[in-house]
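**Q** Dumping the structure here so I can ask a few things about it.
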Amino acid sequence: MTRWASSNNATAAAQTAVAMVTLCELDFSDQTLYLNDSLATLITGGHTYFGVGDYAGLDLVEESTETIAKTITLSLTGVPGNLLTEAMTQNYQGRQVVISIGIVNVNTLAFIDTPEIIWEGRMDYMTVEIGQGSTSIQLRCENRLNREPLVSRMTDVDQQLAFPGDTFFDLVWMIPLASAGWGATTIQYPANVPPSGRGVTGGGPDPRRGPIKP
């Protein structure tokens, strides 16, 4: 089974020797940068992708069984001072990033077939590291579908979100020494005090439910 959408790319990827390149499209406010991780200048889709070779770095695009959009970090080393200033003054946050992979014919430098997109997102923030004789830029990018995994807790609040009016969990706080996990903090109700806004008249058990058994 192949993950390639193109049969031409799939056939080429199955060969013993493969010249695979990663393409990066960065939509800055004044211009869009087209880069690739080889040493050659490559053309596809009407755009010229300049080779940056080992000066560029890219986090691996991770796969997960959870429906969580992964972030990536792009890096560029050996940046000249004038380009560093220009990069830091760019309007880039929230602008598009597209990462693709393609297979190249090493003799003609032409792509076997159209490169395929493996990641899309938005530029988030940029950090700079300046050392003796070298400067590097890291660009953090968020996936366009970035969100936290859906988590549900056995609380009245979550139950109301899922089933408005359902009172299944509204008396959880009355269980002696009940504890409820919230992030890294454990909240306990040893005094059987109702949560704010969930009090019962007279402070005692709900007469509709009868006495609470220990």
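The values are calculated or read from the model by the stated rules, or taken from the named source; none is laboratory data. Worth saying up front: this structure is predicted, and the values here are computed from it rather than measured. A quick note on method: Cβ atoms are made from the backbone with ideal geometry, for glycine too, and the neighbour counts reach across all protein chains shown.
This table checks each residue for (1) among the aromatic types (Phe, Trp, Tyr); (2) more than 22 Å from the chain's Cα centre (by Cα); (3) within 16 Å of Ser100 (Cβ to Cβ).
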| site | (1), (2), (3) |
| --- | --- |
| Ala5 | no, yes, yes |
| Asn9 | no, yes, yes |
| Ala12 | no, yes, yes |
| Leu26 | no, no, yes |
| Asp30 | no, yes, no |
| Asp37 | no, no, yes |
| Gly45 | no, yes, yes |
| Thr48 | no, yes, yes |
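**Q** What pairs can you find where one residue is in region 166-178 and surrounded by 15 or more Cβ atoms within 10 Å (Cβ to Cβ), the other is hydroxyl-bearing (Ser, Thr, Tyr) and modelled with pLDDT under 75, and their Cβ atoms are less than 6 Å apart, with a gap of 6+ or different chains?
**A** Sorted first by the residue in region 166-178, then by its partner, the pairs are Trp173/Tyr189.
**Q** Could you check region 28-84 and list, in sequence order, the residues that are at pLDDT 70 or above, outside any strand (DSSP E or B) and of a type in the set (Val, Ile, Thr)?
**A** Once the filter is applied, which keeps residues that are at pLDDT 70 or above, outside any strand (DSSP E or B) and of a type in the set (Val, Ile, Thr), region 28-84 yields Thr41, Val52, Thr71.
**Q** Give me the residue from region 9-26 that is modelled with pLDDT under 90 and not hydrophobic (A, V, I, L, M, F, W, C) and, out of that set, surrounded by the fewest Cβ atoms within 10 Å (Cβ to Cβ).
**A** Result: Thr16.
**Q** Does Met88 satisfy the condition of being closer than 22 Å to Thr135 by Cα and modelled with pLDDT under 75?
**A** Considered against the rule, which asks whether it is closer than 22 Å to Thr135 by Cα and modelled with pLDDT under 75, Met88 comes out as yes.
**Q** When region 91-125 is examined, which residues are found to be basic (Lys, Arg) and in a strand (DSSP E or B)? Quick ask: steps written out before the conclusion?
**A** Narrowing region 91-125 to residues basic (Lys, Arg): 95, 122.
Passing the criteria: only Arg122.
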